[in-house]
Each structure stands twice: as C-alpha cells, then as structure tokens.
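Structure first, then comments.
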Amino acid sequence: MEVPTLSVKLWPISQSTRLKLVERMTKNLVTPSIWSRKYGLLSQEEAEEDAKQIEVAAFAAANQHFGKEPHGDGSSAVQLYAKESSRLMIDVIKRGPVTKADAELGILDKIKEYDGTTFDISGDPRKVIGADDAEKLLKLLKEPGRRYTKICFSNTSFGREAALVAQPILSSMKDHLTEVDLSDFVAGRSEEEALEVMDMFSSALEGSKLRYLNLSHNALGEKGIRAFDALLKSQYDLEELYLINDGISEEAAVAVHELIPSTDKLKVLQFHNNMTGDEGAIAIAKIVSKSPLLEDFRCSSTRVESEGGISLATALGSCSHLKKLDLRDNMFGVDAGLALSKVLSAFSNLSEIYLSYLNLEDEGSIAIGNALKESAPSLEVLDMAGNEITAKAAPVLASFIASKQFLTKLNLAENELKDEGAILIAKALEEGHGQLCEVDMNTNLIRRAGARCLAQAVVSKPSLKLLNINGNYISDEGIDEVKDIFKNCPMVLGPLDENDPDGEDYDEEGEEQDGDIEHELESRLKGLEIKHEN
C-alpha cells in the first residue's frame, strides 16, 4: 500500500497541499490490495469522506504539537502529520466498508451530553460534517419541550452546508442560551469557507445573552475575530471568554477590544498560545483594565516582551478579585517583573500564580517574592521556573514560601539555585505545609547536600505526590541517600535518569569539590532560622 509522502518542510502546510494529500489518501483507500481482499474495498464516496476525516484529525494533532513548540521550525509537526495520516489510513482499511446504519450510529456517538439543558457534540472521533450529518445531530435540538442553555460544538468541523442547517436552529434558541462553545469547529476548512461559517454562526447567535463564550483553536486571526463581529458586539454580560490558540495577532487583539462592548462582568479571560506581541498586549491590557471582577487571567505563550508586560501588569492593578494569574512563557524581563510586583499587593484572594520563563532574573524575582509575602495568604500554586534565579534571590523566596502554608505545588525548576538556594528552600518547607503535593527543583545545579535537604524536608508531608530533583549534579552517594530517605514511598520520588553525578563545576575556576561544598554550606546555614507564619 502506498503511504502519503510530504514534500513540505515547515509548518503549517498550505491548504492546497492538504487537499492533494486527501486526494492521494482517497486513491489509496479505493485501490485493490492484499488488505482490501481481506477487509473489503471502500466505495469512492466513503473513501473521500474517510480521507477528509483522516486529514483533519492528523492536521489537528500536528497543529496541537506545533502549538507546544511555537518557536520551532515545524519539522516535527510535519513528521507527526505524516505519521498520523498513515496510522489512521491503516485503521480505516482494517475497519473496511461501513454500512449506512453503522454510519448513522457513528455520527450520533459524538453526542457526549443531551439532557434537555446541555447539548454537547464534542465527543470523539473528530468529524468533518456536511448537511446530512448536521441534520442528524441537530434535530435533537428541535425536540419540543427542550430548553437548552448550553451548547458545545467543539471537535466537529462545520462546512458551509452544515452551517446552513445549524443557522436557523441556533437562531431559534439563542434567547435561552447562556453558554456557547465553538472551539475547534472549522478544522480542515479553507479560510474562505471557515470565515463564511463563522459569520453564519455569529449572525445566528447575535443578541444572545451569554455568560460563557469559547472560540479557541480556530486560527481566527483578525479576519476570524471580525467574522464574529455581530455576536461579539451584542455581548454585555460575558463572564468567561476563551481565545486560546487562535492566531491572535496585534490587529486581532485590537479587534477584540473594539468589538466587545462591555467586560464589567468578566471573570475569566484566556489568551494562551497566540502571537499577540507588545502592541497586542497593550490592547488586551485595555480590556483587563475595564474588567474589575476578573478572577482568572491567562496570557501565556503570547510573545509579549517588556513594554507589553508592563502594560498588562499595570492593568491588572485594577483586578482586586484575581484568584489565578498565568503569564508563563513570555519575554517580560526584569522591568515588567518589577511592574508586576507593584500590583501584587492588590491580590488578597490569589491562589495560583504562574510566572515561569519570563526572564525575571534575581531582581525581578526578589521584587515579586517580597510583594507576594505581603499578599496572597491562601496561595496554593507558585510557578517561577526558568527565570535564571540564583542563590542570591533564595533568602527572599524562602522567607516568602515559608509564610505560604497552603501551598500544594511549588515549581522552581530550571533555575540556578545550587545547593545554597536549595537548602534555604528546603528549610522553608520543613515546618507545616501539610497540603504540599508537588515540589519541582529539577535542573538547578543542585548537588548532594541540597538534594538531601530537600528530600528530608518533604518526605513526611502527608499529601506529597512528587519531588522532582532530576537534571542536577547529585553524586552517586547522594542519589543513594535520597533513595534511602524515600524507601517507604519510592513512587513519590521522581526519576533521576537525567542527573549528572559528574556535572560541571559551579564556577569557571571549578576548584570546589562536592564534599567541600556540602561542608561549607552546612556550616554557613547551621542555625539558620526562617520564620514560618501561621
């Protein structure tokens, strides 16, 4: 059997290439082979439909993979796309032809929930649906006596014909709707068709009074945002808005700000994995500044640098109800970190804060640590991984951590805390912290002394699920010590396969040896007391 090959090198691949691959897979599926003699040969119509489904599923998997490494060249996404296409095509061949009755049952299997108030068709497998499938699925919405308030069309790709079926149904029920999930609902469609579908759904839902709207995973860009203008302009009561992985550029962010008339009631705003940049962040900051009830704000992996970070931080100062803040994986730098530290005192209800990979360095981290010590008394999650934090910042962080007795997760991975910093953090965790579930200190240049102190500090915590100290410079003897400390609960200790017992020296001179470092640190830190607040 011929397996589709790819001539492209980077992601995303073009629409024309995707269509050619569908044609090639269709040809493979209708070509007689040893397998078709065993499982049966598909008709041209069925093969075309299956090929479209395969391509959409493979593209979605590859696109999700690419989203996790947006700065890569896309070669691994292309490889995954080819692998998934081949795997799914083989599955279809082994399945053989499907009877009409089986096909109808298959499309109805997508219904995850159907209880008269919630209608959810996001179940697997992902489907590219036409008018017939839309009729079968959505006729349930027309049953008398039903009053649906929540709909989810995610994981189901609507084309023009399917949207024509959905449009009058949605229009007839929009006055009852409060929650609409249209995430990932045009996958595999050309830009022209996708925009037309978005416009049709937007027109059908215009005037609805939604509290929840999810438009994620649709590669919207500015054109997509403006295709939803009728819907967005009519929303005055939104409490939750999700625009994750939507290609939200500077122009798209400006469009969001322009189109939504009011965010007075907004509690959740999520913009993860977009290409927003500084100018886009400034537009988002304008939305945030007019959202006084905001409780959950996520603007992670959005290519925001210092200027945009400062704007976001300043805007967040008006959000005194904030409970969850996620700004991970941006290029804020020290100045944006300092700006953020100035508004943290307003967040007395903060329970989760994610500030990893922001280039905060010691100066920004110290400022944030001092600010958080005086606020967020019920903090449960602290994530400051990958910020080039050294032992210089450790005393402030340790003092702050010691005061947060409700911590469940602490992530300081991929910094440069070394033994000195690790021992300070360990001492901060010794007393109390009975709800602690996870401590991640991987890749911190930690040696034997630091590893032992961390292990001793957390091993008896009743809720502990994981201590991760992998990727450090722990000697073989140190590894044995740590394993012995966890001998009664070995599953709680994370893997140590990336530890390097012969790791680099701490400084350029490289004169100190493991035993000397242990002795010096334990001598200097003997008797050190960190105040633990009750």
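The values are calculated or read from the model by the stated rules, or taken from the named source; none is laboratory data. Since the model is a prediction, treat every value here as computed from it, not as a measurement. With ideal geometry, Cβ positions are generated from the backbone for all residues, glycine too; neighbour counts draw on all protein chains shown. Heavy atoms of the whole protein, side chains included, go into the accessibility calculation; ligands, DNA and RNA do not. Shrake-Rupley method; radii C 1.70, N 1.55, O 1.52, S 1.80 Å.
Between Phe406 and Ser16, full extension at 0.36 nm per residue minus the direct alpha carbon distance yields a gain of 135.0 nm. Per-residue Karplus couplings for segment 202-211, computed as 6.51 cos²θ - 1.76 cosθ + 1.60 with θ equal to phi - 60°, are listed in order as 4, 5, 5, 9, 4, x, 5, 9, 8, 9 Hz, Gly and Pro entered as x. Using R0 = 35 Å, the C-beta based FRET efficiency linking Lys112 and Glu193 works out to 0.85. Using only side-chain charges placed at the Cβ, +1 for Lys and Arg and -1 for Asp and Glu, the dipole size of segment 383-434 relative to its Cα centre rounds to 160 debye. The peptide list 464-470, 73-79, 369-375, put in order of mean Cβ contacts within 10 Å with the highest first, becomes 464-470, 369-375, 73-79. Size descriptors for segment 254-295, from the alpha-carbon set: Rg then Dmax equal 10.1, 26 Å.
Separation of segment 154-202 and segment 220-267, taken as the distance between their Cα centroids, equals 16 angstrom. Taking square-rooted eigenvalues a ≥ b ≥ c of the alpha carbon gyration tensor, is segment 105-209 rounded, prolate or oblate, where a/c under 1.5 means rounded and, failing that, a/b exceeding b/c means prolate? It is oblate, given that a/c is not under 1.5 and a/b is not larger than b/c.
Using heavy atoms of the protein chains and a probe of 1.4 Å, the accessible area assigned to Ile479 is about 20 Å². Only Cα pairs under 8 Å and 6+ residues apart enter the sum, and on that basis the relative contact order of segment 390-458 stands at 41 percent.
For the residues His217, His433, a 1.4 Å probe over the protein chains yields an accessible-area ranking, largest first, of His217, His433. Ignoring lysines fewer than eight residues from Lys94 along the same chain, the ones with Cα atoms less than 25 angstrom from its Cα are Lys20, Lys27, Lys38, Lys52, Lys83, Lys110, Lys127.
Here the accessible area of the chain is 48 percent carbon and sulfur, with a 1.4 angstrom probe and all protein chains present.
Could you give the length gained on full extension between Ala131 and Leu293, defined as 0.36 nm per residue of separation minus the Cα-Cα distance, in nm? Full extension from Ala131 to Leu293 adds 54.2 nm. Which FRET efficiency value, to the nearest 0.05, do you get for Ser75 and Gln167 by plugging their Cβ-Cβ distance into 1/(1 + (r/R0)^6) with R0 = 41 Å? So, using R0 = 41 Å, E works out to roughly 0.55.
Rounded to the nearest 10 Å², what accessible area does Cys437 have for a 1.4 Å probe in the complete protein model? Per-residue accessible area (Cys437): approximately 40 Å².
Taking each DSSP H run with n ≥ 4 as -39500 (n - 2.57) and averaging over every residue of the chain yields -13500 deg cm²/dmol at 222 nm. Model label sites at Asp175 and Glu431, defined 7 Å from Cα along the beta-carbon direction, differ in position by 6.4 nm.
Compute the FRET efficiency between Asp91 and Glu45 as 1/(1 + (r/R0)^6), taking r as their Cβ-Cβ distance and R0 = 25 Å, and round to the nearest 0.05. Step by step, r from the Cβ atoms, then E = 0.85.
When peptides 161-167, 119-125, 244-250 are ranked by their average number of other Cβ atoms within 10 Å per residue, the highest-first order is 244-250, 161-167, 119-125. A 1.4 Å probe run over the protein chains yields, for the chain, 44 Å² of accessible area per residue, whole-number rounding. What separates the Cα centres of segment 386-403 and segment 434-477 is a distance of 16 Å. Taking every Cα-Cα distance in the chain and sorting them into 10 Å bins from zero, the calculated P(r) comes out as 4, 16, 21, 21, 19, 13, 5, 1, 0 percent.
Between Asp124 and Ser320, what length in nm is gained on full extension when 0.36 nm per residue of separation is reduced by their alpha carbon distance? Here the answer is 66.6 nm.
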